[in-house]
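Structure first, then comments.
The values are calculated or read from the model by the stated rules, or taken from the named source; none is laboratory data. All values reported here derive from a predicted model rather than from experimental measurement. Backbone-built Cβ (ideal geometry, glycine too); neighbour counts: all protein chains shown. Just the protein is used for accessible areas: all its heavy atoms, side chains included, with ligands, DNA and RNA removed. Shrake-Rupley method; radii C 1.70, N 1.55, O 1.52, S 1.80 Å.
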Amino acid sequence: MAVRLFGPLSVTSLYLIACSSTVGGRNNSDGDDGQDAATGGVQVDDAGGASGSGGTSAGGHSTAGGQSNVSGESGIGGGSSSGAGPGAGGGPGAGGDGPGAGGDGPGAGGDGPGAGGVGGGGPTAGGASNSGGEPGSGGAPEVVTLPDLQGGQNGFATRYWDCCKPSCGWTGNSSNPVDSCDINDNNIGVNDEARNGCESGGTAYTCNNWAPWSKSDTLSYGFVAFNGVPCGTCYQIRFSGTSSRGTPTPGIEGKQMVVQVTNIGGIEGDQFDILIPGGGVGLLNGCSTQWGVSNNDLGAQYGGFRSVCGADAGCIQNMCQNAFGDSPDLMAGCEWYTDWLQMADNPDIRFQQIDCPQEILDRSGG
């Protein structure tokens, strides 16, 4: 879960190889300029060939009081903050079921551009026509691959979904800010005048299509809160199947994600707080307003539905249906968590910066 600051903030990232598109510089206490990202290796294979992907984008949610939420069940949740005014520091965030580590100090909005990346594979060639014969059918379905992560750093992942406007949604927090959506999930783009939906009178929220989505049985894309890097940075993360702060999930060993930083929060330096519907709202809750549900329908404040249901997929799915069953994007993200991520609880990861795939950039707008 994550906490949102109402004002521009810096970003957080995952155990991925971060991508460096022109994202706002890091909003840390020193106001460092954005650092260049390492090149990445997401590859899209189709009938027309494959090409590397790149780019970046980021975000983070801030809290009105400068506090950060945390997600996860084990006392170190992912505390991201989203909010309005730039430069508000994150206060201590509560982690998982127990209190978590506190947030950062005030951040200055940096603006050093990173190198932009390129998008997915080339066009798929249609079937050739034989002389006198009928044209062939279209190209083969797209297959996205990612080399297994070599090296990188150790970390862990948590979960949250607070519905708040992401911290990287303000131009004061990023030179390449991300989009927000209105209460009905209509994309409103980058709008500094739109107040955070987690604030009284707010109208801007996290877009529903930011829920994680799978590209294959072993690769998925998504968005995270992560501290200390520019908005829009992308990371490759590799799940180990173990959990130092929760229950091991051997079935996800070797699975990977590419994630983009769109938020920051009161989380640890090696913690990636993944946006997962039903992952817990943390300190700030915009979901009750946006979805028209009670706090009880949102599960545990830190840890969400998993903290209530344990590893019971049916229970989690029922809670998803009750909370946001009319949203196909959110329901798909709920099913992604129970099926693809196998209800992992604060899983251990390795991560490394990578170029952002164009598909992620197109979805975030950053």
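Testing the spin-label approximation: label points 7 Å from Cα along Cα→Cβ at Asp217 and Ser200. State their distance in nm. In this crude label model, Asp217 to Ser200 measures out at 5.3 nm.
Panel note: the C-alpha atoms of the stretch 257-337, placed on their principal axes, show extents of 34, 26, 23 Å (largest first).
Given their separation in residues at 0.36 nm each and the Cα-Cα distance between them, Asn187 and Asp339 gain 51.9 nm when the chain is fully extended.
Applying 0.36 nm per residue to the separation of Thr247 and Gln153 and subtracting their alpha-carbon distance, the gain on full extension is 31.7 nm.
Taking packing as the residue-averaged number of other Cβ atoms within 10 angstrom, the listed peptides 261-273, 157-169 run from highest to lowest as 157-169, 261-273. Extension gain for Ala311 to Asp297 (0.36 nm times residue separation, less C-alpha to C-alpha distance): 3.2 nm.
Here the calculated FRET efficiency for Thr289 and Asn322, from their Cβ-Cβ distance with R0 = 22 Å, stands at 0.85, rounded to the nearest 0.05. Once the 1.4 Å probe is applied to the protein heavy atoms, the stretch 290-366 comes out at 38 Å² accessible per residue. With a Förster radius of 25 Å, plug the Cβ-Cβ distance of Asp362 and Asp270 into 1/(1 + (r/R0)^6) and report the FRET value to the nearest 0.05. According to the calculation, E is roughly 0.30.
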